[in-house]
Amino acid sequence: MEFSELIRTRQAQAELLRGPEAPPLRGTLCVTGHHLLLSPGPQATDLWLLLLRSIDSIEKRVAGDSGTITLRCKDLRVLQLDIEGVEATLDIARSIEALSSLESVITSYPFFYRPKGLRLGDAWHFHPPESHYKRVALEVLLRSSQPLIGPQKLRCAEDEELLRAVLAGARPGAWGFIVDTRSAQTAKQARMTGGGTESKAAYPGWKRLHRPLERGRPLQESFVRLVEACGDPEQSMGRWLSRLESCRWLAHVQEALSTACLAAQGMDREGACVLVHGAEGMDSTLLVTSLAQLILDPLSRTMAGFQELVEREWIQAGHPFQLRCAHSAFSHARPKHEAPTFLLFLDCVWQLGRQFPLSLEFGEGLLLALFEHAYASPFGTFLCNSEKERCLCEVRTQTHSLWSGLSQSKEQRKLRNPLYVLNPLAIWPSVEPQSLRLWQGLFLRWTRPPEHSEAVWEKVWQIVTDEEKTEDSQPVVSASEPQP
């Protein structure tokens, strides 16, 4: 199928409304296979460009001889296009609907994206997991899906031997903790469908703790309700606080951080081995183990280390991004396989950065970039649901890596934390409700002026840069020279 078959009208005259703070942009609207473009004129330099894959929902309405298309994007932007001509409005809307929902991976934009300065194959092997495992050979943190014991209480000799070997390699007398991210009742019910929990008799030396974490539909609904509340400018303070509490998003943040702290404390303070598992081992387990590593491991809090952690724990470990991030908060479709688990992880990392502003080498800019690229990206890093699928689609040879794009020098100033100082200690976040905050830089990003935060960020960078220049310009005085 050719993209041209889905484009009913290639261009029309339109006016773009980008929000209360941005001036309207009027010009020629063009539809391509992967983008919407708006050009104010042949001599204009401020060409507006939108990746069609980033559109979450589209609404259209017509009146008289014109029409309006409202685009709600996966990065939570809301855009309005006022288009001349009813027929042109309807045709463009149908074109956008078709092109923004293509399911074929190999027809997506990353397979066509060829930026200057990057070569195919670069950075795909920046983060081999073997180097990490060698470095943390005595930090035993395991992750898995649930044991498949079923109603017959089946056993797996290989699994039992593996966990015995883990304890044998630890310090004498060490215990193992199994952190189950399901409730005890849910784990018990799972036996009827072939799942279950580890038998105490078959796994001596291991204690099981249940720390239920929401995933799937409840997590997605929480995200949707939060975005709806953040997009309502007319509500009173009381109404806003009530909606913020009822959506339970910060409760999910609290539960995730609390469970990660539990796993990290077991390893750091009790010398225990920790196994985290849930139903499938592709969602809540990644959330807990990733956060536990950030809490304990200083190298995971560096720019390169954090990218390595995301690559290893989320991408290579098989978090199904294609399914989980098919839509964001605006889509009218509600498939049960969609869930903002990765966004919840990024929010938890933002909370860590807010409580420990000097301990993370990266800033909010990197977290926002990862959120945007997970849902819609010109790079191939978050494509597909597993390494097997990426191999079959030749993602690593036919698309560019996001890590290569982020490594460009022009990007680093937006991504790095200018106040970073290496902290060799574990960072233990407070999970009390009063210690957690709404991530305004994400959820209120398009509803409030960004100038102040951007100006502050640039000012901090300027201060740090000036101090570094001053230090570099100081003369070096040897010990034998007289001091003034």
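Working only within segment 36-57, note down all residues that are at pLDDT 95 or above and among the β-branched types (Val, Ile, Thr).
ILE55
Can you name every residue in segment 323-346 that is in contact with a helix residue (DSSP H, G or I) (Cβ under 7 Å, 6 or more places away or on another chain) and of a type in the set (S, T, N, Q)?
SER328, THR341
Looking for whichever is touching a Ser or Thr at 6+ places or on another chain (Cβ under 6 Å) and either among the small types (Gly, Ala, Ser) or farther than 27 Å from GLU270 by Cα (or both) here; the options are PHE321, PHE330. Which one fits? Talk me through it step by step, then tell me what you get.
On the way: PHE321 fails: touching a Ser or Thr at 6+ places or on another chain (Cβ under 6 Å).
Answer to the selection: PHE330.
Just the residues that are open to solvent by 20 Å² or more (accessible area, probe 1.4 Å) and outside any helix (DSSP H, G or I), please, taken from segment 354-375.
Scanning segment 354-375 gives PHE356, PRO357, LEU358, GLU361.
Name the residues in segment 44-66 that are open to solvent by less than 50 Å² (accessible area, probe 1.4 Å) and either β-branched (Val, Ile, Thr) or without any contact (Cβ under 8 Å) to a residue 24 or more places away in the chain (or both), would you? Don't jump to the end; show me each part of the working.
Residues of segment 44-66 that are open to solvent by less than 50 Å² (accessible area, probe 1.4 Å), as a first pass: 44, 48, 50-52, 54-58, 66.
Selection gives ALA44, ILE55, ILE58, SER66.
Being of a type outside the set (A, V, I, L, M) and more than 24 Å from SER430 (Cβ to Cβ) is the filter here, so list the residues in segment 354-370 that pass it.
So the first thing to find is which residues in segment 354-370 are of a type outside the set (A, V, I, L, M), and the list is 354-357, 359, 361-365.
Answer for segment 354-370, where residues must be of a type outside the set (A, V, I, L, M) and more than 24 Å from SER430 (Cβ to Cβ): just GLY365.
State which residue pairs qualify: first residue open to solvent by 40 Å² or more (accessible area, probe 1.4 Å) and inside segment 26-42, second residue charged (D, E, K, R) in any location, beta carbons under 6 Å apart, and separation of 6 or more residues or different chains.
Taking only residues 6 or more apart or on different chains, the pairs are ARG26/GLU15.
Do we find that LYS388 is in a helix (DSSP H, G or I) and open to solvent by 10 Å² or more (accessible area, probe 1.4 Å) in this structure?
Numbers: in a helix (DSSP H, G or I): yes; open to solvent by 10 Å² or more (accessible area, probe 1.4 Å): yes.
Criteria met by LYS388.
Could you check how many residues of segment 229-242 are without any contact (Cβ under 8 Å) to a residue 40 or more places away in the chain and within 22 Å of LYS74 (Cβ to Cβ)?
Adding up the residues that qualify gives 2.
So, in segment 168-219, of the ones that are of a type in the set (Asp, Glu) and assigned to a loop (DSSP other than H, G, I, E, B), which residue ends up modelled with the highest pLDDT?
Applying the filter and picking the extreme gives GLU214.
Mind listing just one residue for me: the one in segment 80-106 that is aliphatic (A, V, I, L, M) and more than 17 Å from THR32 (Cβ to Cβ) and, of those, least open to solvent (accessible area, probe 1.4 Å)? Steps first, please.
If we filter segment 80-106 for residues that are aliphatic (A, V, I, L, M), which is where we start, we get 81, 83, 86, 88, 90, 92-93, 96, 98-99, 102, 105-106.
Filter once more, keeping what is more than 17 Å from THR32 (Cβ to Cβ): 86, 90, 105-106.
Values: VAL86: 45, LEU90: 49, VAL105: 24, ILE106: 99 Å².
It comes out as VAL105.
Name the single residue, out of those in segment 226-246 being of a type outside the set (D, E, K, R) and over 18 Å from ARG437 (Cα atoms), that is modelled with the highest pLDDT. Don't jump to the end; show me each part of the working.
Residues of segment 226-246 of a type outside the set (D, E, K, R): 226-227, 229-231, 233, 235-238, 240-242, 244, 246.
With the extra rule that they be over 18 Å from ARG437 (Cα atoms), the set shrinks to 233, 235-236.
Working: PRO233: 83, GLN235: 87, SER236: 91.
So, considering only residues that are of a type outside the set (D, E, K, R) and over 18 Å from ARG437 (Cα atoms), the one modelled with the highest pLDDT is SER236.
With PRO484, PRO424 as the choices, which residue is surrounded by fewer than 17 Cβ atoms within 10 Å (Cβ to Cβ), more than 24 Å from the chain's Cα centre (by Cα) and at pLDDT 90 or above?
Details: PRO484 fails: at pLDDT 90 or above.
Just one listed residue meets the conditions, PRO424.
What is the number of the single condition among (1) surrounded by 21 or more Cβ atoms within 10 Å (Cβ to Cβ); (2) in contact with a strand residue (DSSP E or B) (Cβ under 8 Å, 6 or more places away or on another chain); (3) closer than 17 Å to ALA426 by Cβ that LEU262 does not meet?
In the conditions (1) surrounded by 21 or more Cβ atoms within 10 Å (Cβ to Cβ); (2) in contact with a strand residue (DSSP E or B) (Cβ under 8 Å, 6 or more places away or on another chain); (3) closer than 17 Å to ALA426 by Cβ, LEU262 misses (1) alone.
If you check every pair at least six apart or on different chains, which have Cβ atoms under 8 Å apart with a residue in segment 419-446 that is farther than 22 Å from SER300 by Cα first and a residue that is open to solvent by 30 Å² or more (accessible area, probe 1.4 Å) and among the hydroxyl-bearing types (Ser, Thr, Tyr) second?
GLY441/SER453
Please work out which residue is farthest from ILE106 (Cα to Cα), limiting yourself to segment 366-378 and to residues that are in contact (Cβ under 8 Å) with a residue 60 or more places away in the chain and of a type outside the set (A, V, I, L, M).
PHE371
Taking strands (runs of 3 or more DSSP E) that fall entirely within segment 1-92, which contain at least 1 residues that are touching a Cys at 6+ places or on another chain (Cβ under 9 Å) and under 23 Å from GLU372 (Cβ atoms)?
Fully inside segment 1-92 and qualifying: 35-39, 48-51, 55-63, 78-84.
Name the one entry in GLY405, GLY380, GLY363, GLY353 that is touching a Pro at 6+ places or on another chain (Cβ under 6 Å) and among the small types (Gly, Ala, Ser). Lay out the reasoning, then the answer.
Numbers: GLY405 fails: touching a Pro at 6+ places or on another chain (Cβ under 6 Å); GLY363 fails: touching a Pro at 6+ places or on another chain (Cβ under 6 Å); GLY353 fails: touching a Pro at 6+ places or on another chain (Cβ under 6 Å).
Unique residue meeting the criteria: GLY380.
The values are calculated or read from the model by the stated rules, or taken from the named source; none is laboratory data. The model shown is predicted, which means the values in this text are computed figures rather than measured ones. Glycine gets a Cβ as well: all are built from the backbone with ideal geometry, and neighbour counts include every protein chain shown. Please note that ligands, DNA and RNA were not included when accessible areas were found on the heavy atoms of the full protein model with its side chains. Shrake-Rupley method; radii C 1.70, N 1.55, O 1.52, S 1.80 Å.
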